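What follows is a set of notes on a single structure, which appears directly below.
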Amino acid sequence: MPGAADQPDRPSPAPLPWWRWLRPPRRLSFTREGRLIVILSVGVGFAAINTGNNLLYLLLGWLLSFIIASGILSEMTLKQLTVERRPPPRVFAGEPFLMEVVIRNNKPHRASFSIEVEDLVGATPLDKRCYFLKIPAAKSQRTSYRHTFVRRGLYTLTGYRVATKFPFALFRKSRDVDAPLEVLVYPTRVLVPRPAPRTQARGEAVANRTGRRGEFFGLREHRSGDDRRDVHWRSSARTGRLLVREYEDEHARSVVIGVDNALPDAARDALGDGAITPEIEAQIAAVERAISVAASLAAVYLEAGWTVELCARGCRIPQGAGRSQEARIARALALLPYVSDEVAFAVLPPRIDSVLVIPRAVAAAGRPKAATVMDV
């Protein structure tokens, strides 16, 4: 599973391994008809040599010309084609999505016929091929294919393969293009109710009074959109950070969502070795279910106008609201790694309503106390 949410900038792509440079620019595979033509050509050639029959030599020449013309025309068809893949803005684990494929024929005068395009992971096709019957000169066409990623995480499509059987379907000629494309798969969406607040939210009562603000609650770091009049300049100067006053009515609409991403050492080792037993699979599924519930719960709170903070082992997303906060939390949970229970859990802020989502099948130490615990 990919790393944590707050990652440094990715390094530039590594150079291709030496064996990739030795890969032929084109690959040729026989179709059933192509095998028959080649076998027939070999048989006619032997017969022509043994008998010296001019008619057989004429037939052999026709068959060889047929094969050569197929190679030349297929090569002309594959030249000057560019492909662009466009995944949707959001891809969720377990949900099918449509990957748009746009192909452009950059040849100024010649069309391309019978083109197949497929995404690659390494040298393995990802899913079904996209087929284009005809791409006119200097034109582009688009289609899409359906695919489903089973688990969340960051997937890399290493490139794509362009192939054709044009003109006579004797051979399938293809070329692989290295064009890495990263697809971020978010946790599975689940239907979850929003838990009722369990804390003594005095701010709810205070919020019903007249006035712009409720009672003073404390100080917090400045966020985009905060009123300048709420900046506490003396504390900001003392700490070197811009701090603003927080009021009870704001506090009453805030929630901290915690999710336990701890996985036993044996399960994490089995993931690396590929030796996954049914028990380990159940533990992994439980953690994934907890992460999915946390992501869906955050979306529910944010849609209702709440301020949400995310806490996990080795990961914390500060309080925020709106679509940008939902995107930050969703990305963090999509990349949230499995860790040992020795990794400290991010501290749940006191006096703020909190929900802790824990996987039922995994026993882990160091879980913080929360107002609401969802055992999934």
What is the sum of charges around GLU326, taking Lys and Arg as +1, Asp and Glu as -1, for the other residues whose C-beta is under 11 Å from the C-beta of GLU326?
+3
Restricted to the chain, the DSSP antiparallel beta bridge percent, nearest 5, is 75 percent
By how many degrees, 0 to 90 and rounded to 10, does the Cα axis of helix 278-303 deviate from the longest principal axis of the chain?
60 degrees
Count the lysine pairs in the stretch 18-186 that are 8 or more places apart or on different chains: how many have C-alpha atoms under 16 angstrom apart?
9
When the chain is modelled as a GNM with alpha-carbon springs shorter than 10 Å, which of HIS109, HIS222, HIS147 fluctuates the most?
HIS109
Could you order the peptides 293-305, 115-127 from most to least packed, using the average number of other C-beta atoms within 10 Å per residue?
293-305, 115-127
Return the long-range amide H neighbours of LEU126 (sequence gap of 5 or more, or a different chain), with a cut-off of under 5 Å between placed amide H atoms.
ASP119, LEU120, VAL121
Of every Cα-Cα pair in the stretch 84-130, the percent that sits beyond 12 Å:
73 percent
From the phi of every residue in the stretch 53-58, what ³J(HN,Hα) in whole Hz does the Karplus formula 6.51 cos²θ - 1.76 cosθ + 1.60 yield, where θ is phi - 60° and glycine or proline is x?
6, 5, 5, 5, 5, 5
Charge dipole (the stretch 252-375, unit charges on Cβ, about Cα centre) - positive-most of GLY314, ALA371, ILE352:
ILE352
Per DSSP helix of 4 or more residues, -39500 (n - 2.57); summed, then divided by the residues of the chain. What does that give at 222 nm, rounded to the nearest 500?
-9500 deg cm²/dmol
Integer Hz, Karplus 6.51/-1.76/1.60 couplings in order for the stretch 98-103, x for Gly and Pro
9, 8, 7, 10, 10, 10
How big is the charge dipole of the chain about its Cα centre, in debye rounded to the nearest 20, if each Lys and Arg gets +1 on its Cβ and each Asp and Glu gets -1 on its Cβ?
1360 debye
Most exposed first by the Cβ proxy, i.e. fewest other Cβ within 10 Å, how do ASP269, ASP260 rank?
ASP269, ASP260
Scalar couplings 3J(HN,Hα) for the stretch 116-124 by Karplus 6.51 cos²θ - 1.76 cosθ + 1.60 (θ = phi - 60°), nearest whole Hz, x for Gly and Pro, are 10, 10, 9, 6, 10, 10, x, 10, 9
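Only the coordinates and a few stated rules stand behind these numbers; no lab work does. Everything quoted here is computed from the prediction, not taken from an experiment. Cβ coordinates were reconstructed from backbone atoms using ideal geometry, including for glycine residues, and neighbour counts include every protein chain displayed.
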